[in-house]
Amino acid sequence: MTIEEIAIKYAESAGRFFQRERGPHQLAKLFGIFRVGEHHAVITIGDWLKSTDNLEVKSGYARLIWDEARHTEIWTTRMIELVGDDTVRKLYPDPRSVDYRKQEYFRLWDEYARAESLAQRLPYIYLVDAWAAVAYTIYLNYVDPVTKWHLQTILHDENFHTAFGRKMADKYVTSERDQEVLSHEEAKIQKILDDVTDGLLSSDV
Ligand SMILES: [Fe+2]
Ligand SMILES: [Fe+2]
């Protein structure tokens, strides 16, 4: 399934999910889940930086690390605004984890961290970030004005990340062998994203 197909398939159920009435505590939990993804991207792309020789890709990774760290901070700030500093410290002390039983979500980030070559890594950037952008775009229709303002900033970055990942893949994943690896990884990611989406939309968050 492509991202476009996922967007079409889930538009209705995602709309229902995102327009649920949520109080401050439920919103903080939802944002805590988003924050895990943002923060995993910081850690993982930070790890990738060391083993990436290509300078153009390396400088793009550096921007991604900065962006994802800012997104992690944005969600943390919003959580604190909603439920207070003490509660965030008590219930959400660590941006790497959250009390959320849907294991598919964590599997996505584990697989992301296992990618070793450009052919394996770049599809995570353009597929996972495009997927996040689809989810955030749908959510923009329902979210409160303060969160909306932050979400627009994040969305702008995610769209850049998606374009960067695709451009680098077109430019540097060129051998037949690498393209095979990339296609294989894309299929794996799309299956996981489908499971993650099903899991999130059927959860009680
Ligand atoms: Fe992000
Ligand atoms: Fe991103």
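All of the numbers you see were taken from the coordinates with simple rules; none came from a lab. Treat the numbers as computed from the prediction; the structure is a model and nothing was measured. A quick note on method: Cβ atoms are made from the backbone with ideal geometry, for glycine too, and the neighbour counts reach across all protein chains shown.
Considering the zone a paramagnetic label at residue 20 would reach in this model (a point 7 Å from Cα along the Cα-to-Cβ line), which residues of the stretch 80-100 have amide N under 17 Å from it?
98-100
Rounded to whole Hz and in sequence order, give me ³J(HN,Hα) for the stretch 169-185 from the Karplus expression 6.51 cos²θ - 1.76 cosθ + 1.60, θ = phi - 60°, writing x for Gly and Pro.
Result, ordered by residue: 5, 4, 7, 10, 9, 10, 6, 4, 4, 5, 5, 5, 4, 4, 4, 4, 5 Hz.
Most fluctuating residue of 187, 41, 130 in a GNM of the chain with Cα springs under 10 Å: which is it?
187
Could you give the length gained by full extension between residue 66 and residue 202, i.e. 0.36 nm per residue of separation minus their alpha carbon distance, to one decimal place? Write out the running numbers ahead of the final one.
On the way: separation 136, 0.36 × 136 = 48.96 nm, distance 3.20 nm.
Roughly 45.8 nm would be gained on extension.
Could you name the lysines whose alpha carbon sits less than 22 Å from that of residue 102, not counting residues in the same chain fewer than 8 places away?
Residue 102 reaches 9, 29, 90, 188, 191.
When only C-alpha pairs under 8 Å and at least 6 residues apart count, what is the relative contact order of the chain, in percent? Mind showing how you got there, number by number?
On the way: 184 pairs, mean separation 64.3, N = 205.
Here the relative contact order equals 31 percent.
So what is the 222 nm mean residue ellipticity for the chain from helices alone, if each DSSP H run of at least 4 adds -39500 (n - 2.57) and you divide by all residues, rounding to the nearest 500 deg cm²/dmol?
Mean residue ellipticity, 222 nm, calculated: -27000 deg cm²/dmol.
Based on Cβ point charges of +1 for Lys and Arg and -1 for Asp and Glu, what charge dipole magnitude is obtained for the chain about its Cα centre, in debye rounded to the nearest 20? Present the calculation step by step, with values, prior to reporting the outcome.
Details: 26 positive and 34 negative charges, 74 e Å.
The calculation lands at about 360 debye.
Expressed as an acute angle from 0 to 90° and rounded to the nearest 10, what is the orientation of the C-alpha long axis of helix 55-83 relative to the principal long axis of the chain?
It works out to around 10 degrees.
By how many degrees, between 0 and 90 and to the nearest 10, does the Cα long axis of helix 103-114 differ from the longest principal axis of the chain?
The angle comes out near 30 degrees.
What is the gain in length, in nm to one decimal, between residue 146 and residue 54 on full extension, counting 0.36 nm per residue of separation less the C-alpha to C-alpha distance? Don't skip to the answer; put the middle values down first.
Details: separation 92, 0.36 × 92 = 33.12 nm, distance 3.89 nm.
That pair, residue 146 and residue 54, stretches by 29.2 nm at full extension.
Loop by DSSP (not H, G, I, E, B), at most 14 other beta-carbon atoms within 10 Å: where is the longest site-free stretch of the chain for GluC sites (Glu not before Pro)?
Numbers: sites that count: 21, 116.
Longest site-free region, per DSSP loop and neighbour criteria: 22-115.
For the stretch 1-121, what relative contact order do you get, as a whole percent, if you take Cα pairs closer than 8 Å and at least 6 residues apart? Mind showing how you got there, number by number?
On the way: 72 pairs, mean separation 39.1, N = 121.
Computed value for the stretch 1-121: 32 percent relative contact order.
Quick check: pseudo-label points 7 Å beyond the Cα along Cα→Cβ at residue 99 and residue 188, how many nm apart are they?
Placing both labels 7 Å along Cα→Cβ, they lie 3.3 nm apart.
Any chance you could list P(r) for the chain, counting all Cα-Cα pairs in 5 angstrom bins from zero, rounded to whole %?
Values per bin, smallest distances first: 1, 7, 16, 20, 21, 16, 10, 6, 2, 1, 0.
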